[in-house]
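Notes follow once the structure below has been shown.
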Amino acid sequence: MDRAQKPIRWGIIGCGDVTEVKSGPAYQQTKGFELIAVMRRNAEKAADYAKRHGVAKFYSNADDLISDPEVDAVYIATPPDSHRAYGIQVAQAGKPCCIEKPMAPTYADSLAIQQAFVEKGIPLFIAYYRRSLPRFERIKQWLDEGKIGAVRHVHWQLAKPPSEIDLKGGSNWRTEAKTAPGGYFDDLASHGLDLFAHLFGDFTEVKGIAHNQLGLYSAKDAVAACWTHQNGATGTGSWNFGCAGHEDRVEITGSGGKISFAVFHEEPVVLENDRGVASMEIPHPKHIQEFHVAYIRDHLMGTRNHPSQGGSGLHTSWVMDRILGEI
C-alpha cells in the first residue's frame, strides 16, 4: 500500500467505554487514518457502537476483524488479560498494532507480546498517551532546558476512596487479581510510572510493597515504592485506594527548583526556581488520545518516532512487577 496516497484503515477490538470519547474518535479524526471496523463479543453492542460512530463494519469475533483484508492496523482496547492472545495474533497477521495500557497483567505476558512484534518487524504502540500530551511535553521541556537544575527526586502521591462498586462487591476488571494483580495501581499508576521513565530515563533499581488493606476485592489496594532512574534521580510513590479523599500530586525536586503537577487532574503545572513561580493551565484535548494517535500516524509515515512503543511499554511492565514483588 502506498501510505502517501491511501489511508491506513483501523479496526478496534473491544469497543467499550475507553473508545467512546478518549480514543475511538481520534482514529476517525486523524488525517490519514480511517476506522472501518469494530469488534465486541456482544454483537448487539458492537452493532450499536458501529451505528453511533459511523463505522462500516462490526464483528463479534476478534479473528474475523484481525483477518479482514481491509483492516490494515488494529487497536486492542480490551481488559489486560486478553492483550497477550490478541496481540500475538495481530503480530502473526503482520499488522501494526496499538495496545491499551497496561500492556498486560505481567511482565512475562508483555515480553511475549513484544517479542512477537520484534520477530515480525512490525510496529507496536502502547497507549501510554501521557507521553504525547502537551501538559507533559511542557514539563519535559522545562527539564530538558534545566529549569530546575539537575533532577534529584520525584515523589507521587495518589489516593482515592473506594467506589460504590468496590463497596458493593460488583464486577470490575480493575479489582480482579487475575486481570489486574495490583488493582487500580495497574490501571492508574502505570500511567505515571511510564511518564517518569519518559521524563527521567529508565528505572534502574525498583523496590516496593503491596497489600490488600480493605478486603473488598482480590487485587491489591495499597502500594508503595522507591526507585532510581538512569539520570541518578531517586523516586518514591504511594498509591492507596481506600482513603478518605482524592489526592494526585507529583513533585519533582531539582538542584535549582521544583516542578509540581497532577498526573490525572487538570490542575496547573507549576515551576518554581530562582526566577520566581510560573503556573500554567494546559487542558487536555476532548479526545485525550488525539496526540498519541496522530504520532502513530507520523511514525507509520516515517516522519516522527513515537514516544510510546512496545519496548517502553515492556519496561513499564517490568517496573510494575518489581513494585508488586512478582519478579
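The values are calculated or read from the model by the stated rules, or taken from the named source; none is laboratory data. Since the structure is predicted, the reported quantities are computational estimates derived from the model, not experimental observations. Positions of Cβ are generated from backbone atoms using ideal geometry, with glycine treated the same way; all protein chains shown enter the neighbour counts. Just so you know, the surface numbers come from the protein's heavy atoms only, side chains and all, with ligands and any DNA or RNA stripped out. Shrake-Rupley method; radii C 1.70, N 1.55, O 1.52, S 1.80 Å.
Right, A177: under 21 Å from the mean Cα position of the chain (by Cα) and without any contact (Cβ under 8 Å) to a residue 40 or more places away in the chain or not? No. Of all residues in region 109-131, one or more are at positive phi and either surrounded by fewer than 16 Cβ atoms within 10 Å (Cβ to Cβ) or not hydrophobic (A, V, I, L, M, F, W, C) (or both).
Based on this model, can you work out whether N305 counts as touching a His at 6+ places or on another chain (Cβ under 7 Å) and either modelled with pLDDT of 95 or more or under 25 Å from T236 (Cα atoms) (or both)? Here the answer is yes, as N305 does meet what is asked.
Is it fair to say Q141 is surrounded by fewer than 16 Cβ atoms within 10 Å (Cβ to Cβ) and of a type in the set (S, T, N, Q)? The answer is yes for Q141. Of the residues S110, S171, S132, S163, the single one that is at pLDDT below 95, within 24 Å of P79 (Cβ to Cβ) and of a type outside the set (K, R) is S171. Only one entry of A46, A104 meets the criterion of being more than 23 Å from the chain's Cα centre (by Cα) and open to solvent by less than 50 Å² (accessible area, probe 1.4 Å), and that entry is A46.
Name every residue in region 237-266 that is surrounded by fewer than 14 Cβ atoms within 10 Å (Cβ to Cβ) and hydroxyl-bearing (S, T, Y), in order of residue number. Result: S255, single match.
Each row is one residue, and each column tells you yes or no for (1) under 25 Å from G192 (Cα atoms); (2) out of contact with any Leu (no Cβ under 9 Å at 6 or more places or on another chain).
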residue: H53; (1), (2): no, no
residue: K57; (1), (2): no, no
residue: S67; (1), (2): no, yes
residue: A77; (1), (2): yes, yes
residue: E100; (1), (2): yes, yes
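Assess whether V38 counts as being under 26 Å from R130 (Cβ atoms), under 20 Å from the mean Cα position of the chain (by Cα), of a type outside the set (F, W, Y) and open to solvent by less than 10 Å² (accessible area, probe 1.4 Å). In short, no. Taking region 227-327 as the region of interest, the strands (runs of 3 or more DSSP E) fully inside it that hold 3 or more residues being in contact (Cβ under 8 Å) with a residue 24 or more places away in the chain and among the β-branched types (V, I, T) are 247-254.
Taking (1) over 30 Å from A108 (Cβ atoms); (2) out of contact with any Phe, Trp or Tyr (no Cβ under 6 Å at 6 or more places or on another chain); (3) open to solvent by less than 20 Å² (accessible area, probe 1.4 Å) in turn, V269 satisfies each apart from (2).
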